[in-house]
Amino acid sequence: MQSINNIQDEIIEDFSMYDDWNDKYEYLIEFGKSLPIMEEQYKTEDNRIHGCQSKVWLHPEIKDDKLFFHADSDAIITKGIVGLLVKVLSGHTPKEIADSDLYFINKIGLQEHLSPTRANGLVSMIKKMKTYGIAFQAEH
Amino acid sequence: MLNIQQIRADFPILNEKIRSKQLVYLDNGASTQKPQAVIDAESYYYEHQYANIHRGVHYLSQIGTDLYENVRKQVQQFIHAKHDHEVIFTKGTTNAINLVAYTFGRKFINEGDEIVVTEMEHHSNIVPWQMLCDEKKCVLKVIPLQADGTILLEDAEKLITPKTKLVSVVYVSNALGTINPIEELIVIAHKNGAKILIDAAQAIQHFTIDVQALDCDFLVFSGHKIYGPTGTGILYGKEGILNEMPPYEGGGDMIKTVSFKGTTYNDLPFKFEAGTPNIAGCIALGTAVKYVQEIGIENISTYETELLNYATEKLSAIEGLTIYGTAKQKSSVISFLLDGIHPYDVGVILDNMGIAIRTGHHCAQPVMDHYEIPGTCRASFSFYNTKEEVDMLVEGILKAKKMLS
């Protein structure tokens, strides 16, 4: 398993190939579409992250002391970004997740999607992923 | 005929490049851009005339007071109110509605009384009444929405009864563009002994409003939606009702005398204007109203209708695009969705092309629930927009559709 930072660096490298917004978003959209649709049973109110523009669902699962995430969104660009976050954080220990510094978002020029005014649920999603990290860390 | 190029030159922001592309600003329903004259009026006041207003004997205070009070008279004429003291300065539409809910509502609406709104209200014309209903055990009744985004007068006739104390309705729906039959609603309200508040936030910038001809009891709007500064707004109320209402906030300016034995309140309009107001903003609002009057609200109306018709035709031709809100009487707002595509995604793609539209529920969640949709994309046009910009929007939508399908 690669470290969180190694995965982030890989994503940054992938995105460096795209010099205009068009390609970047084409990639995000395709990536979003390629991700599995979350099973309805996990799309519960508990797993729902409230943003006023798009819906995001996040389901945590602990397996062999590692924290895994399943996530989905009803907007495809949001889902693409959600997918990147899952790719970076899922499968690491709760401590690694709680301590992570998600620098890749700025580096690939998607920071505007994390502005609270976007209200797409992504800021809350990151906060929640880290909160799960802290919570599971305390449990184990 | 309006000279659009000349008008566009009055709005400096329209020359801005957004993400190195020419800005196409189609979010006028959320807020309108400011002409240079408005921007200048605010800074001129701060540079040359600023002091606190009312009661100051010194020169600057008097100038400021005159300028501020002149705007009140100007707004009075603009909405054809009988008296200038029927025009109350507020922070905006939301603040004005809350003022009425808190004062008129607290005094005149009691347990079991009814308040009637429509299903297409902005949250700011729902929540203050829900808060009042929680407190006073009164009942909120809702005139339902039809498929085309209109309401039926027969529903209004049924819901507005002698139990109704207040009807509070939106003139033009921000989410759908529907122009409501407020003349008829005013008659129905009065026939049942109810007062009526008109939320004109999306109407004041589009067509002539005559509060005396309408005979509404209250009418509210925001300055920033009629090319003026944010943090300014107007509550119009009939003199008799305003006089009967208790004050809203307590503080400076709203009192006649203050002592620990008891305080007496100031006369209209000051009774409702506690504290130092947004003086510069209100003065610039006067400039905005003057600007609109010089162009001519009738000219604006005609041109915006032409733009709306053009855009409706062009957007309707896009396969898989559904327009929400297809009333015969509409203002220049188009809410739409592309089949199977989330509005947020469309907004992001258009934004990258420099095209500013609004996506989401537009602070009218009940409207979205009615159509069972997560939200819409909304393009709203002003008289500084052009048919070329509509074409760019269409091009953007087609691109978004291609990328997202």
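If you go through segment A:1-12 and keep only what is surrounded by 12 or more Cβ atoms within 10 Å (Cβ to Cβ) and either more than 16 Å from the chain's Cα centre (by Cα) or more than 18 Å from A:M129 (Cβ to Cβ) (or both), you end up with A:Q2, A:D9, A:E10, A:I12. Tell me whether segment B:188-207 contains one or more residues that are farther than 30 Å from B:E42 by Cβ, touching a residue at least 24 places away in the same chain (Cβ under 8 Å), in contact with a Gly (Cβ under 8 Å, 6 or more places away or on another chain) and buried (at least 24 other Cβ atoms within 10 Å of the Cβ). Checked against the condition, which is being farther than 30 Å from B:E42 by Cβ, touching a residue at least 24 places away in the same chain (Cβ under 8 Å), in contact with a Gly (Cβ under 8 Å, 6 or more places away or on another chain) and buried (at least 24 other Cβ atoms within 10 Å of the Cβ), segment B:188-207 yields no hits at all.
Within the set B:L60, B:L67, B:L14, the sole residue that is assigned by TED's automatic domain parsing to the domain that holds B:N352 and assigned to a helix (DSSP H, G or I) turns out to be B:L14.
If you go through segment A:14-36 and pick out every residue that is farther than 14 Å from B:S405 by Cα and surrounded by 12 or more Cβ atoms within 10 Å (Cβ to Cβ), you end up with 8.
Every residue, every condition in (1) out of contact with any Lys or Arg (no Cβ under 6 Å at 6 or more places or on another chain); (2) small (G, A, S); (3) within 14 Å of chain A (Cβ to nearest Cβ), yes or no:
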position	(1), (2), (3)
B:L321	yes, no, no
B:T326	yes, no, no
B:Q329	yes, no, no
B:I334	yes, no, no
B:L338	no, no, yes
B:L350	yes, no, yes
B:A356	yes, yes, yes
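Taking the conditions (1) without any contact (Cβ under 8 Å) to a residue 12 or more places away in the chain; (2) over 18 Å from A:L28 (Cβ atoms) in turn, A:K130 satisfies each one other than (1).
Just so you know, in segment B:369-384 the residues that are in contact (Cβ under 8 Å) with a residue 60 or more places away in the chain and more than 19 Å from the chain's Cα centre (by Cα) include one that is nearest to the other protein chains (Cβ to nearest Cβ), and it is B:T376.
Considering segment B:358-368, the residues that are part of a loop (DSSP other than H, G, I, E, B) and surrounded by 23 or more Cβ atoms within 10 Å (Cβ to Cβ) include one that is nearest to the other protein chains (Cβ to nearest Cβ), namely B:H362.
Residues are listed down the side, and each one gets a yes or a no for (1) surrounded by fewer than 16 Cβ atoms within 10 Å (Cβ to Cβ); (2) touching a strand residue (DSSP E or B) at 6+ places or on another chain (Cβ under 9 Å); (3) part of a loop (DSSP other than H, G, I, E, B):
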position	(1), (2), (3)
B:G240	yes, no, no
B:E298	yes, no, no
B:E306	yes, no, no
B:E319	yes, no, yes
B:Y344	no, yes, no
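Looking across segment B:105-125, the residues that are buried (at least 19 other Cβ atoms within 10 Å of the Cβ) and in contact with a helix residue (DSSP H, G or I) (Cβ under 7 Å, 6 or more places away or on another chain) come down to B:G105, B:I109, B:I115, B:V116, B:V117, B:E119, B:M120, B:S124, B:N125. The set of residues from segment B:96-144 being under 19 Å from the mean Cα position of the chain (by Cα) and either among the charged types (D, E, K, R) or at pLDDT below 95 (or both) comprises B:E119, B:E121. Residues considered: B:L404, B:L307, B:L315. Of these, the only one that is closer than 30 Å to A:I81 by Cα and away from chain A (no Cβ under 14 Å) is B:L315. Kindly indicate whether B:D10 is surrounded by 14 or more Cβ atoms within 10 Å (Cβ to Cβ), closer than 27 Å to A:N22 by Cβ and of a type in the set (D, E). Spelling it out, it is not the case that B:D10 is surrounded by 14 or more Cβ atoms within 10 Å (Cβ to Cβ), closer than 27 Å to A:N22 by Cβ and of a type in the set (D, E). So A:K79 clears everything in (1) touching a strand residue (DSSP E or B) at 6+ places or on another chain (Cβ under 6 Å); (2) within 11 Å of another protein chain (Cβ to nearest Cβ); (3) at pLDDT below 90 except one condition, right? Which one? It is condition (3) that A:K79 fails. Against the criterion of being out of contact with any strand residue (DSSP E or B) (no Cβ under 6 Å at 6 or more places or on another chain) and more than 25 Å from B:H122 (Cβ to Cβ), B:E372 does not qualify.
Note on segment A:39-58: among residues that are more than 29 Å from B:M353 (Cβ to Cβ) and surrounded by 18 or more Cβ atoms within 10 Å (Cβ to Cβ), the one that is nearest to the chain's Cα centre (by Cα) is A:L58.
Considering only residues in segment A:67-82 that are in contact (Cβ under 8 Å) with a residue 40 or more places away in the chain and over 22 Å from B:G360 (Cα atoms), the one that is surrounded by the most Cβ atoms within 10 Å (Cβ to Cβ) turns out to be A:L67.
Got a sec? Which of B:K261, B:K328, B:K290 is within 22 Å of the chain's Cα centre (by Cα) and either aromatic (F, W, Y) or assigned to a loop (DSSP other than H, G, I, E, B) (or both)? Matching residue, one of B:K261, B:K328, B:K290: B:K328. Only one entry in A:L67, A:L28 is within 14 Å of chain B (Cβ to nearest Cβ) and more than 15 Å from A:G121 (Cβ to Cβ), namely A:L28.
Per-residue answers, yes or no, for (1) of a type in the set (A, V, I, L, M, F, W, C); (2) assigned by TED's automatic domain parsing to the domain that holds B:I204; (3) modelled with pLDDT under 95:
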residue	(1), (2), (3)
B:P246	no, yes, no
B:G252	no, yes, yes
B:I283	yes, yes, no
B:G286	no, yes, no
B:I300	yes, no, no
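Of all residues in segment A:16-52, those satisfying the criterion of being in contact with a Phe, Trp or Tyr (Cβ under 8 Å, 6 or more places away or on another chain) and closer than 17 Å to A:V86 by Cα are A:Y27, A:M38, A:Y42, A:K43, A:N47, A:R48, A:I49.
The values are calculated or read from the model by the stated rules, or taken from the named source; none is laboratory data. All values derive from a computational prediction rather than experimental measurement. With ideal geometry, Cβ positions are generated from the backbone for all residues, glycine too; neighbour counts draw on all protein chains shown.
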